[in-house]
Structure formats: structure tokens, C-alpha cells
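The values are calculated or read from the model by the stated rules, or taken from the named source; none is laboratory data. Everything numeric in this text was worked out from a predicted model, so none of it was measured. Cβ placement follows ideal geometry from the backbone for every residue including glycine, while neighbour counts extend to all protein chains displayed. These accessible areas exclude ligands, DNA and RNA; they are computed on the full protein's heavy atoms, side chains included. Shrake-Rupley method; radii C 1.70, N 1.55, O 1.52, S 1.80 Å.
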Amino acid sequence: MFANLEPISFLAGFLTATILWFVVTRSRPLIDEMRQIWKEQRELAQSRKTNTVEENHRRLALRRAQGMHIAAQLFALDDILQEPTVLTPPAPIAPGAAARFENVVTQSLPYLPAWPELAAIYQPHTLTLPQALAGGANLVIIGQPGMGKTVALAYLASLAANRSEKLGRQQDAIPFHLHVADLQLPVKDPRNILNPIIESVSENAPVFDAGKIPAFVQNAFKSGKALFLVDGFDEITPDEQNLVSDFFKTLLNEHPDIQIVTTGAPEHLDGLILLGFVPLSLSAWNERANAKFITAWGELWMRTIALEAWAQTGPGYVDPLLVNSWLGSVTGNLSPLELTLKVWGAYAGDSLGPHVLESIATHIRRIAPANTPVAALETLAMQVVISADPVFDPRKAREWVKSFEVAETPEGEPVPTSEGEAKEINPTTRTRKKVEKVSTPTHGLLSKMTASGLLVSHPNNRMRFVHPVFAGYLAGHALTNYNADETLLNQPDWSGKNLAMRYIAAHGDASRLAQYMMGYSRLPMHRSLFEAARWLRDAPRNAPWRGKMFSLLAEILQTDGLPLGLRGQALAAFIYSNDPAAASLFRQFASSKSFELIHLAILGIGATRDAKSLKLLEGALQAPSVSVKRAACMALAAIGSIEAMEIAARALLNGEEDVRRAAGEAVANDPNEGHSMLKDGIGINDILLRRAAIYGLGRVMEDWALDLLKKVQIEDDQWVVRNAATEVIDMRTKGEAYSPVKTSAPSDTPWLVEFAAKKGVGVSPGVPATDILLVALRDEDPEVRLASLQLLKFTPQEHVLKYLYEAMQDDDTELREYTFNALWELGSAGVKLPDPSEYGLN
């Protein structure tokens with residue numbers, strides 16, 4: 001066959017093939033480059049489409065967030081915002097790792113996430129919300145209704161929408177800011193877990209973006225850029241919370257790199273803790289924050305609202321200085337919501353009275369539809385609470401308020417009830433009667449309430465009150481006229497029920513409710529007692545149940561051996577009550593022989609600003625207990641009188657080393673005399689004084705203080721002073737060191753793997769490490785014991801709870817506090833905590 005080949009043809013073919021091969025080989029980089037260009041062009045085209053959708057989404061998210069506060073009809077959020085912060089949680093323990101820096105104030109104050117009002121007085125370490133996000137953990141922002149949780153999420157959404165540099169590594173995060181009522185749960189097909197989010201985002205997206213939303217949402221979550229902000233978890237019932245928690249669980253399994261931030265009530269975090277969410281308590285506002293807010297409001301009001309036509313027909317010119325001076329004297333223990341309503345009423349001149357309850361009533365009247373009887377609002381709110389239906393179906397609600405539709409049902413006409421009987425309902429009659437539900441549908445009133453801003457509508461035909469405090473206030477006022485105690489007590493705990501009971505106590509006789517809450521209260525948490533203790537501030541001083549409640553709180557406060565985290569809640573309840581007898585009680589407790597009780601009592605003396613106790617506090621500076629001496633310094637600065645600051649100054653100048661440092665940190669809370677002391681102190685030729693002043697300046701969050709610290713760090717001639725300056729500068733500039741982080745699986749926890757290896761066992765991925773963690777809990781190394789608690793709380797089995805209870809009664813105070821905090825988290829997450837007596841413990 002090959003003999004027939006012509007040499008010339010063969011040679012020509014060979015040369016042609018060689019040339020083609022050479023050309024193709026030489027052209028390959030060009031071909032690859034052209035392919036890469038085509039690919040980039042396709043990606044660029046896709047990116048342009050996505051960027052357009054993303055930018056529109058960010059713009060809508062910003063607009064929505066700026067209106068997510070109670071005074072949105074007057075001001076944008078950024079104009080009136082007081083930047084939210086959260087209490088820094090206890091430091092995670094890793095055996096062998098360096099402990100993070102903690103100031104004396106933070107060390108001396110019990111960690112009370114459910115009662116941040118005490119922290120507002122003494123100002124322990126806090127985190128900004130971007131700092132809290134920096135650790136990558138999923139967060140639940142907790143606080144009582146009205147503390148500003150919605151504003152906190154709106155602030156984060158605004159930062160993310162604007163790509164704020166404050167977010168650091170999260171600067172490019174894409175915010176998805178929703179209310180739980182926007183999510184249609186449960187998800188019908190878990191394989192399409194993003195569908196509820198896609199549907200909610202599509203609801204508000206521009207029409208021309210509608211078809212691109214699914215791909216945009218999927219890309220954001222798949223890439224881990226999504227920052228999922230979910231409001232309203234604190235407002236719903238436990239069953240609904242479990243639906244949301246299950247949704248979060250599936251979502252995180254599918255997209256583990258995203259970050260979720262939601263809101264919660266301190267007592268009700270069902271399902272979240274066991275998913276690894278870190279609860280962070282919103283800081284309460286202190287006097288300085290209140291004054292700053294009042295001033296900002298006055299300036300905005302006079303610059304904008306006062307110039308509007310409707311304001312010109314009001315009560316006439318109001319001097320902001322006079323208004324602000326009056327407001328500054330009546331802001332004690334108010335939530336940001338309550339303060340906002342009080343300031344609004346003062347400037348608008350429409351307040352019904354000086355009490356905070358009257359401020360709430362004023363605002364409800366302000367946003368209710370014109371000529372709507374209060375009884376109609378109360379009936380709707382009452383039925384929401386009685387039916388445990390905070391996000392309700394309007395069709396059902398129309399039945400509830402049918403009797404107040406004047407055009408269709410004149411007042412006094414018999415109205416059919418759910419049982420089909422004819423009952424005459426007179427809204428002005430205030431007699432005790434059974435709760436009834438009206439069943440004939442109507443339309444007008446709910447539409448008016450939505451248009452006026454009292455109600456908010458959501459997709460899938462759902463509605464809710466614009467704020468749970470308004471629903472609770474109206475329901476509580478209405479329920480004083482009905483025999484609904486048993487109905488309420490039989491409900492599972494949720495925020496709407498608790499608010500209604502609180503306002504029943506404020507408006508009527510809550511004796512039966514209070515007796516139940518006190519009788520049901522038990523160790524280890526006394527949860528029902530502390531929930532009811534929040535009623536004390538607004539309840540009548542002659543309420544028959546007050547005395548017994550104060551007695552129970554005093555008993556907990558005095559009981560040695562209980563964790564300070566529990567006793568501190570009793571202390572905070574006394575302070576929050578604004579009862580004038582609290583100061584004398586604290587003076588009495590300060591003469592105790594128990595240093596733990598003296599420590600707490602002195603903190604109470606400072607919080608109540610009891611000037612009669614100055615001699616007592618001066619003597620406490622010589623006590624053998626370091627914690628008592630530190631508390632005395634803090635109390636003196638909190639009282640803040642000339643005499644109190646003189647005593648603190650003498651302690652700073654002449655006290656022992658520990659007392660000097662405590663005094664330096666304590667007077668940092670006083671922006672006038674205290675800051676002057678610290679400025680003077682760093683220039684005096686006394687090493688211990690300069691060192692104490694350095695620690696004090698480390699707590700002054702102002703630029704001039706940081707500048708002074710940097711100067712001392714370089715120029716001071718004593719290394720001990722320079723080291724102290726370096727330490728506090730690091731604390732100031734490395735806030736992410738205090739950020740909560742995701743809890744690693746046991747098999748990915750180095751200290752536990754090492755500990756298990758020493759015990760001759762392994763820690764396998766996906767296998768519970770409960771047994772070795774219980775061994776660690778009983779180890780001799782204190783750090784190992786503390787570290788084990790961080791993982792044991794994820795396996796709350798009965799035998800684990802028994803060991804935790806035993807640890808809570810240990811002589812090691814730090815172990816006791818860490819264990820109590822772990823149990824508090826479990827109780828908030830819905831884990832049933834039995835009475836210690838069930839384990840044979842006292």
C-alpha cells in the first residue's frame with residue numbers, strides 16, 4: 001500500500017500538516033485569551049444585570065430602614081439615631097490562651113442581659129453593632145419591648161445598604177431586612193429554602209427587576225454575602241418561633257457562610273441558642289444618652305416641624321431649654337420608646353399627662369384613625385392577646401371589631417357573638433365579664449387603622465400592631481374589665497401575654513396574676529418572678545401584691561451561695577421599680593457580714609444616688625474585700641455629688657493600688673469633674689496615680705482621651721505606666737477582640753481534642769462529646785471547667801443538667817457565674833429547667 005505513495009504528495013502533505021500544527025500551537029495562547037475575553041464579557045454582562053438589581057435592592061433597603069422607627073413620620077432614622085450598642089458578653093475561655101483585657105467596672109458588675117438598666121448606670125464594656133458582627137457569629141439582639149431592637153436592625157441595614165466602612169470585612173454585605181411576618185412559613189419545599197425570601201424581596205422590587213430577583217437572592221446567599229436581618233422574632237408565640245428557628249436551621253445548613261441577626265425577648269429565644277446564635281443585650285440609655293437624644297430632638301423639631309403649618313396652630317412657642325430641662329428630670333428608667341413618646345408629647349403639646357402611661361396613650365390617640373372609639377382599639381388588641389395571634393388574619397380581626405362599625409352596627413344594637421347568642425356590647429361599660437369574640441365581618445375600620453399607621457399589613461393577608469407595646473397597653477387596659485386571668489395564665493409565655501399582664505397591673509387589680517407569678521417562681525432562674533417584677537414601676541404604690549413581691553426579691557438578694565447573675569436581677573428589679581424605700585433597704589444590707597451582699601447593696605446605693613450613704617461608702621473603701629472596695633468607688637462616681645467626688649478623689653490620690661485603679665475607672669463615668677481628675681492625674685509625679693488615671697482614660701470613649709494615652713505611651717518615663725497605656729489602647733482600638741465568634745464543633749476545638757487525648761480518648765466529627773465534656777467539667781483546671789460549659793449547653797440532656805446544677809453551687813465563684821449564664825441561655829431557648837430539688841440539691 002505504501003509503495004503507491006508519490007514522494008512529492010507525501011512531502012507536501014507532511015509539510016502542510018506541520019505548518020498547520022505549528023500555527024495552531026502558536027495560536028493557542030491567543031485562542032485561550034479570546035475565550036477568556038468572551039467569558040469575562042459574559043460575566044460582565046451578567047454582573048451589570050446583577051449590579052443593577054443589587055443597587056436597586058440596596059436603595060430600597062436603605063429607604064425602608066430609614067423609616068423603621070417610631071418617629072418616622074417626623075424624621076429619618078439617621079437624623080435622630082443614637083448609635084445602638086450591646087453589652088459585651090462574658091469572655092469565651094480557651095485553656096492556655098491569653099485572657100482578654102477586662103476593666104474593673106466590667107469585672108465588678110454582674111452580667112445581667114435581661115436587666116441592662118443597671119449597666120446603664122455603671123457603663124461596663126460595650127460593643128457597637130459592627131463590632132458585634134465582626135466575629136462572624138449569628139446574633140440575636142435581645143431586650144425588653146421598646147428598647148430599640150427594630151432600630152438596631154434598621155441601623156445595620158442602613159450601614160450595609162450604604163457599604164459603610166464601619167462594617168469592616170462586612171462592608172460589601174448585602175442586607176436582606178425582613179419582618180417574620182413577611183416570611184411565609186413553613187417552607188413547602190425545603191429544597192427551595194430561599195423561596196420565602198425571594199417572594200418577600202420581589203414584593204417590593206421594581207417591576208423590571210422582578211424576573212432577576214431569584215438569581216440575585218440565590219447568588220447573594222450562595223456567595224455568603226447575604227446579611228439576613230429578621231425583625232419580630234421577639235413578638236411571636238413559641239410555636240411560631242419554632243417555625244422560624246427551623247427555617248434558620250435549614251437555611252444555615254444550605255448556606256453556612258451567611259450571617260443572620262434577629263431580635264429576641266430575653267425570656268423567649270426558642271430554638272435559637274441550640275443553633276449557635278449568640279444573645280447580645282441592647283444597652284439601656286443612661287442620663288447622658290437621654291440628654292443627647294432630647295437635645296437632638298429639640299434641635300430637629302425647631303428646625304423642621306415647628307415651621308410647618310399645622311404646628312403654627314398649636315399651643316404657641318415652646319422654649320426648648322425649658323422643655324429639655326423638665327424632660328431631663330423625668331427620664332429615669334425609661335426605655336428609648338417611652339422617652340421618645342414623652343419628648344414628642346412635650347414638644348407637640350398634646351400629651352395627656354406627665355406619666356409614661358399617659359405618653360403611650362397620647363401616641364396611640366395620635367396615630368389612631370380620627371373619631372375611632374378607644375374601645376374599638378382595645379377590643380382588637382385584647383383579641384390579639386387572648387387568641388395568642390400577634391400576626392393576625394384581617395378577616396378574623398374584622399369580626400372582632402364589627403360592633404364599632406357605626407354605619408353597619410349602631411352602638412347599643414345587639415351583636416351576634418361567636419356562640420350565636422345576642423349580647424349587647426357597650427364600649428363604655430366597665431364591668432368584669434367573660435371575653436367574647438364578635439363574628440360578623442366588616443372592612444372599614446381596619447383599613448383606617450392601617451392607613452393611620454396603627455396597624456401594619458404584610459403579604460399573604462396578614463396584619464399586626466405597629467409596635468407590641470401599643471397592643472399590650474390597649475389589651476391590658478381592656479382586660480381590666482374582663483375575667484381573663486385564667487385565659488392568660490394558661491397560655492405559653494410570649495411577649496404579648498407578658499405586656500398585657502404588665503399593663504393590667506398598671507391599670508387594675510393584678511393580684512391573682514401576681515400571686516400566680518410569684519407562686520410559680522422557682523430556682524434556678526425565678527423567671528416568672530422577674531417577669532412580674534417589671535410591673536412594679538408602673539403599678540399603683542398601694543397594690544396589695546407589691547409587698548410580697550419585694551419580700552421575695554429581697555430574699556433572693558440576701559441568699560449567699562446563689563450566683564450574682566441571679567441576685568443581681570433582684571437588685572436591678574428594686575432599682576427599676578423607682579420605689580423610694582429601696583435606698584434604705586440597700587443601706588440596711590450594706591451593714592451585713594456577707595461581702596457578696598455588701599457588694600450588691602453598695603451597687604444599689606450608687607444606682608439610687610443615696611447621698612445619705614456617703615460615710616458608709618467611705619468606710620467601705622477600707623473593707624478587706626476587693627469587690628466591696630471597687631463597688632464603693634463605682635457608687636461614689638454614680639452619686640456624683642461634690643462630696644462624693646471628693647471622696648473618690650482622695651481614694652485616687654491616696655488609696656491602695658487596687659482602690660486607685662477602681663477609682664480611676666469609676667470617675668471616668670463623670671464627664672465633668674471625673675474627666676478633669678484624670679487629665680490632671682497623668683501629669684502628677686506619682687506612678688500609681690498615673691497608672692490609675694491611664695486605666696480611667698481607657699474608659700473615656702472620646703478622641704482627646706485616646707490622644708493623651710498615645711502621648712503617655714511614648715513619653716512617660718516609667719515602663720509600668722507605658723505598658724498600662726499600651727494595654728488600654730489595644731482595648732480601645734481592637735474592638736473585634738471582644739466580638740462573639742461561632743462556636744466550633746467539639747472535634748474542631750483544639751483544647752478539647754488535646755484534653756481528650758490526655759485522657760486516652762478521641763473526639764470524632766459528628767459524634768457527641770458529652771462524656772468527655774462532663775469529665776472536663778469536673779477537672780481540676782479552672783479554665784478547662786469553664787471552657788467545657790461553652791459546649792455542654794448544646795447537649796441539654798437530663799444528666800448534663802444535673803452536673804450543671806452541681807457546678808452552679810460550686811465554691812468557685814467564676815464557675816458558678818458561667819454556669820448560671822449557660823443555664824439562663826438554655827432556659828431562654830425553651831429548655832425545661834427542673835427544680836434543683838429533683839436532683840437532690842438545695
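Looking at the chain, the accessible area is 45 square angstrom per residue; that uses a 1.4 Å probe and ignores ligands, DNA and RNA.
Give the carbon-plus-sulfur fraction of the accessible surface of the chain in %, rounded to a whole number; probe 1.4 Å, heavy atoms of protein chains only. Answer for the chain is 53 percent, counting heavy atoms of protein chains only.
Heavy-atom accessible surface of GLU673, to the nearest 10 Å², is about 100 Å², with a 1.4 Å probe and all protein chains retained. When the Cα gyration tensor is reduced to axis lengths a ≥ b ≥ c, the ratio a/c is 1.5 or higher for the range 124-242, and with a/b not above b/c it is classed as oblate. Computed on the chain, the Cα convex hull volume stands at 261 Å³ per residue. Only protein heavy atoms count here; under a 1.4 Å probe, ILE80 has an accessible surface of about 10 Å². Mind grabbing the base-10 log of I(q)/I(0) for the range 488-555 at q = 0.16, 0.23, 0.26 Å⁻¹? Debye formula, identical points on the C-alpha positions, no solvent, two decimal places. So the normalised log intensities work out to -0.47, -1.01, -1.28.
Reducing the range 581-618 and the range 446-477 to their Cα centroids gives an inter-centroid distance of 44 Å. Using C-alpha pairs below 8 Å separated by at least 6 residues, the relative contact order for the chain is 13 percent.
Using Cβ point charges alone (K and R +1, D and E -1), the dipole size of the range 586-630 about the Cα centre works out to roughly 80 debye.
Summing Cβ point charges (Lys, Arg +1; Asp, Glu -1) relative to the Cα centre of the chain gives a dipole of roughly 840 debye. Mean separation of Cα pairs under 8 Å and 6 or more residues apart, divided by the residue count, gives the range 709-796 a relative contact order of 17 percent. Hydrophobic, long helices, defined as DSSP H runs whose alpha-carbon span along the helix axis is 30 Å or greater and whose mean Kyte-Doolittle value is at least -0.5, occur in the chain at 7-66.
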